[in-house]
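For reference, the structure discussed in these notes is given below.
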Amino acid sequence: MAWVHGHGDPGLQPERTSLAWSRTSLALVVASAMFLRWLPTHGWYAVSLVFSALVLAIAINSTQRRRYGRGSATIRQEAGRASVGAVLTLAVAVVALSAVGIVAVLVLPVP
């Protein structure tokens, strides 16, 4: 049954990894919805936060199939390696998005 997905991992590692990326994407969509609450007070700044979070979520979803395929292939070849570039890019983007959100709360004037 495990070979249905093209790999022999009984722990279904590519599926778990894919679900983790999907949860991260969903969390970004929720964060963008929360940024919408700032629209009346921060205007364009809030729109940029919403847009940034949504673009990041779309980027994660659009690369899911390729990431899953690579994960399955590395299991078949028994040469699995972490996707350091994707994780580092996501980490930097989330830290930047958080920093911009903190600036909105602490620095921007509230009308």
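The values are calculated or read from the model by the stated rules, or taken from the named source; none is laboratory data. Keep in mind it's a predicted model, so treat the numbers as computed, not measured. No Cβ is skipped: glycine too gets one built from the backbone with ideal geometry, and neighbour counts run over all protein chains shown.
Taken together, 104, 20, 79 contain a single residue that is of a type in the set (A, V, I, L, M), buried (at least 17 other Cβ atoms within 10 Å of the Cβ) and at pLDDT below 90, which is 104. Selection within the stretch 23-53: residues that are of a type in the set (S, T, N, Q) and modelled with pLDDT of 90 or more. The member of this set that is farthest from residue 67 (Cα to Cα) is 48.
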